[in-house]
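The block underneath contains the structure these notes are about, expressed in structure tokens.
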Amino acid sequence: MLADRSADASTLSIVDPTTAHLGPDRSDAQDMLGSRPGLLRALWQNRNGRVGILLVGLVVLGALISELGLTRYDPQTQDPNAVLQSPSLAHLFGTDQFGRDVFSLVLEGIGVSLEIAVIALIIAGGIGTLGGIVAGYVGGAASWTILRATDIVFAIPAILLALAIVAALGPGIFDSALAIGVGYIPIFVRVVRAPVLALREADFVRAGRVLGYSRLRLLFRHILPSVSGAIAVQVSLALAWAILAEASLSFLGLGPPPPTASLGEMVSQSSSLASIAWWTLAGPSLAIVLAVTGFNFLGDGLRDAADPRSRGR
């Protein structure tokens, strides 16, 4: 009997509440995400992921070239002697009705679209992720309030909500990003809440409660990493939606004001010239298609790479 007690004591002494590590949370996160090199390798081996990486890399490279001022022509410089010139070695995408280089304008427009999309994503992802964690883990009145608020926002089409916000605040980069981001907050809430509900009663979360871990530590150190795979996929898809929404607002004249280049505004201005200068419409339209398609493919690839069951497909 004394031997049994000593054995129990020796076993209990191994678990130190101040240093004990919740092993299952790492394994759960690794099941979802895998190690970083393994995830990147799986993403590259996935056909959709590989296409997404290449397209997104091309779009980001174009934005960086414009941001660093490495384009051959200043996008806002007008040349009356080069009005509506067709694509050539001197002007890869031709020139517009003001003699501006369309290729340089497209690269600047890509940079503006990415800037607005990233700001909108920070707003939607930050608020939505926090709301989803609270709604999934805390429950009760907090969960009910958050879900009812998301239902109200969901009831309004995202583009109409963005139009209303921009009309109230006025056009601008941050205002456009805010208008787009608010519309996508409910999506992040729903995406994060579902797995948090399942993890709330997981063994490693219960173990953390027994060890006296605070709620914040459980939420942000153990639960959040386990749902980061779903968030990563949603981030990529949301970037595609944000770019498309920004182009729609700019097309309607509610995007960043001139002289800031905007892909949607370029499409709007060149639509009347398409019959005589098709390249003025083709350039910005192609950029929008590449950006949206690239982030959609990247999101699909991330979803497959983050799911170990689909890596061998």
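No lab work stands behind these numbers, since they all come straight from the coordinates. Predicted model only: the values in this text are computed from it and were never measured. All Cβ positions, even for glycine, are placed from backbone atoms using ideal geometry, and neighbour counts span all protein chains on display.
Here are the numbers:
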| quantity | calculated |
| --- | --- |
| Relative contact order computed over the chain (Cα-Cα under 8 Å; 6+ residues apart), in percent | 29 |
| The stretch 60-185, relative contact order in percent, only Cα pairs under 8 angstrom and at least six apart counted | 23 |
| Note, ³J(HN,Hα) from phi for the stretch 253-266, Karplus 6.51, -1.76, 1.60, rounded to Hz, x at Gly and Pro | x, 10, x, x, x, x, x, 4, 6, 9, 4, x, 5, 4 |
| Spin-label model distance (nm) - LEU147 vs LEU286, 7 Å beyond Cα toward Cβ | 4.9 |
| HN-Hα J in Hz across the stretch 130-142 - Karplus 6.51, -1.76, 1.60, θ = phi - 60°, x for Gly and Pro | 4, x, x, 5, 5, 5, x, 9, 6, x, x, 5, 4 |
| Among LEU169, LEU239, LEU290, residue whose mean-square fluctuation peaks in a GNM of the chain (springs only between Cα atoms under 10 Å) | LEU169 |
| Mean Cα-pair separation over length for the stretch 195-294, i.e. relative contact order, pairs under 8 Å, 6 or more apart, % | 21 |
| Highest-fluctuation residue, THR145, THR129, THR293 considered, GNM on the chain with Cα pairs under 10 Å | THR145 |
| Listed values (i) 59, 43, 37; (ii) 101, 42, 32; (iii) 107, 50, 35, entry calculated as Cα extents along the principal axes in Å | (ii) |
| Segment ARG72-VAL60, length gained on full extension (0.36 nm per residue, minus Cα span) | 2.5 nm |
| ³J(HN,Hα) computed for each position of the stretch 271-288 - Karplus, 6.51 cos²θ - 1.76 cosθ + 1.60, integer Hz, glycine/proline x | 4, 7, 9, 4, 6, 10, 9, 4, 5, 5, 8, 5, x, x, 5, 5, 5, 5 |
| FRET efficiency, 1/(1 + (r/R0)^6) with R0 45 Å, evaluated for ARG200 and SER271 via beta carbons | 0.30 |
| Extension gain from LEU89 to PHE174, taking 0.36 nm per residue of separation minus the Cα-Cα distance | 27.0 nm |
| VAL138 paired with LEU40, simple spin-label distance in nm, labels 7 Å along Cα-to-beta-carbon | 3.7 |
